[in-house]
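Worksheet: the structure to be examined is printed underneath.
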Amino acid sequence: MEARRWLDGVDLPSDMPLINVSQAAPVAPPPAGLRQAISDAAVSDDAAHLYGPVLGLPALRDALADRTASLYRGVVAARHVAITSGCNQAFAAAVAALCAEGDEVILPTPWYFNHKMWLDMSGVRSVALPTGRDLLPDPETAAALITPRTRAIALVTPNNPAGVEYSADLLEAFMQLARARGIALILDETYRDFHKKEGAPHALFEDPDWEDTLIHLYSFSKAYRLTGHRVGALIASEHRLAEIEKFLDTVAICPGQLGQRAALWGMKNLSDWLAGERTEILARRSAIETGVHALAAQGWRLLGSGAYFAYMAHPFDESSADLAPRMVRDCGVLCLPGTMFMPQDDPAGRGQLRIAFANLDVAGIGTLFERLAALRA
């Protein structure tokens with residue numbers, strides 16, 4: 001919302017329309033068949049306009065449990081699944097179930113700022129876990145940060161904002177660390193459907209005791225372009241879901257009924273369409289990784305890429321907090337500064353920018369790089 005304010009009073013020339021790479025959300029509506037399914041439900045399904053179960057539509061919980069069990073080759077049942085009003089609410093619910101005021105959650109940096117903001121609003125301390133040049137968190141470094149107040153480690157893969165994908169071995173190491181120290185591992189896979197790896201990106205659900213440690217988050221919003229309908233999900237033990245249900249009942253009573261029906265229809269009918277969406281996102285990622293070489297001589301560097309994101313180092317002797325608003329005026333590009341994803345005392349964010357490229361086609365990515373190349377100090 002802060003970044004959108006940078007557009008106030010800016011009148012870009014007609015030959016330089018705004019390139020908005022600030023928000024990681026589809027701008028196109030769902031495919032026609034899905035929109036028709038929403039319309040049909042609104043007209044013919046009376047229950048779509050009433051309160052529903054707090055933990056979500058039973059058929060959607062069943063479908064997600066089946067898909068998760070099949071993809072990850074693990075034991076996941078509907079009793080483990082809660083449907084939430086977006087994946088941000090899933091994270092909020094997990095934190096509410098795990099933490100009291102003054103507790104701690106470890107977040108790798110650069111962190112997803114909505115996670116950081118929710119922890120702040122909850123009185124929970126965000127413990128920064130710095131990442132290396134590869135932007136991957138280290139379990140041994142994380143272990144040194146665990147205190148008696150630590151309740152969870154929260155990971156996002158493919159990562160927001162950095163785009164990097166955490167390997168199966170890395171996730172397994174974090175799972176074992178969390179289990180050994182008696183804390184939860186919150187794993188946010190909002191962008192799982194756009195992972196470069198075919199099939200399951202990890203084997204955590206193959207662990208017969210995954211329930212004692214893992215809390216898994218997912219979003220239907222990116223998969224089926226349902227961002228405005230707010231449909232996410234959380235998978236955890238029945239014991240934790242009993243606590244999470246209290247939070248969900250208090251905050252929203254139930255997730256939106258039309259959005260849940262849309263997600264269910266998408267799961268049943270859009271597998272091939274979603275595979276095409278993934279192919280297109282991977283093509284755009286490739287265009288990012290190839291095209292950035294033309295900027296190398298000017299000092300631009302690609303630090304990480306994947307799913308919807310490119311995380312870049314800029315070459316200018318000014319903070320990204322000042323550069324990002326200037327880019328709107330000087331080259332018609334709206335992106336987010338790295339300072340939004342870092343602790344205030346970490347200087348690394350000054351030299352970094354997040355580019356959410358999923359709404360640019362390959363030609364649009366080429367135009368983006370042309371404008372970055374023309375940008376001057």
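Some notes on this structure:
- Taking strands (runs of 3 or more DSSP E) as the structural unit, those lying wholly within segment 269-377 and holding at least 1 residues that are open to solvent by 50 Å² or more (accessible area, probe 1.4 Å) and touching a strand residue (DSSP E or B) at 6+ places or on another chain (Cβ under 9 Å) correspond to 301-306.
- Of all the listed residues (ALA93, ALA100), the sole one being touching a strand residue (DSSP E or B) at 6+ places or on another chain (Cβ under 7 Å) and small (Gly, Ala, Ser) is ALA93.
- Looking across ARG350, ARG329, one residue alone is modelled with pLDDT of 95 or more and among the basic types (Lys, Arg). It is ARG350.
- Some residue of segment 91-98 being touching a helix residue (DSSP H, G or I) at 6+ places or on another chain (Cβ under 6 Å), open to solvent by less than 30 Å² (accessible area, probe 1.4 Å) and of a type outside the set (Phe, Trp, Tyr): yes
- Pairs with Cβ under 7 Å, 6+ apart, first in segment 142-165 and at positive phi and in contact (Cβ under 8 Å) with a residue 24 or more places away in the chain, second open to solvent by less than 10 Å² (accessible area, probe 1.4 Å) and not small (Gly, Ala, Ser): GLY163/PHE309; GLY163/TYR311
- Criterion: open to solvent by 20 Å² or more (accessible area, probe 1.4 Å), within 30 Å of GLU238 (Cα to Cα) and either in contact with a strand residue (DSSP E or B) (Cβ under 9 Å, 6 or more places away or on another chain) or free of Cβ contacts under 8 Å to residues at least 40 places away in the same chain (or both) - qualifying residue of VAL54, VAL27: VAL54
- Residues that are β-branched (Val, Ile, Thr) and touching a residue at least 24 places away in the same chain (Cβ under 8 Å) were ranked within segment 249-300; the one that is nearest to ARG35 (Cα to Cα) is ILE281.
- If the condition is being surrounded by fewer than 20 Cβ atoms within 10 Å (Cβ to Cβ) and touching an Asp or Glu at 6+ places or on another chain (Cβ under 9 Å), then segment 99-122 contributes only SER122.
- Residue check for ALA223: hydrophobic (A, V, I, L, M, F, W, C), at pLDDT below 95 and either within 29 Å of LEU136 (Cα to Cα) or surrounded by 20 or more Cβ atoms within 10 Å (Cβ to Cβ) (or both): yes
- Residue within segment 123-144 that is out of contact with any His (no Cβ under 9 Å at 6 or more places or on another chain) and among the hydroxyl-bearing types (Ser, Thr, Tyr) present: yes
- Residue within segment 8-15 that is open to solvent by 70 Å² or more (accessible area, probe 1.4 Å), of a type in the set (Ser, Thr, Tyr) and without any contact (Cβ under 8 Å) to a residue 12 or more places away in the chain present: yes
- Annotation: of all residues in segment 235-268 being within 21 Å of ILE215 (Cβ to Cβ) and part of a loop (DSSP other than H, G, I, E, B), the one that is modelled with the lowest pLDDT is ALA252.
- Selected residue (criterion: least open to solvent (accessible area, probe 1.4 Å)) from residues of segment 128-172 that are more than 22 Å from ARG354 (Cβ to Cβ) and touching an Asp or Glu at 6+ places or on another chain (Cβ under 8 Å): THR150
- With respect to being more than 21 Å from the chain's Cα centre (by Cα), of a type outside the set (Phe, Trp, Tyr), modelled with pLDDT of 95 or more and in a loop (DSSP other than H, G, I, E, B), GLY33 falls outside the description.
The values are calculated or read from the model by the stated rules, or taken from the named source; none is laboratory data. Just so it is clear, the structure is predicted and the values come from calculations on it, not from any experiment. No Cβ is skipped: glycine too gets one built from the backbone with ideal geometry, and neighbour counts run over all protein chains shown. Accessible surface areas use protein heavy atoms only, side chains included; no ligands, DNA or RNA. Shrake-Rupley method; radii C 1.70, N 1.55, O 1.52, S 1.80 Å.
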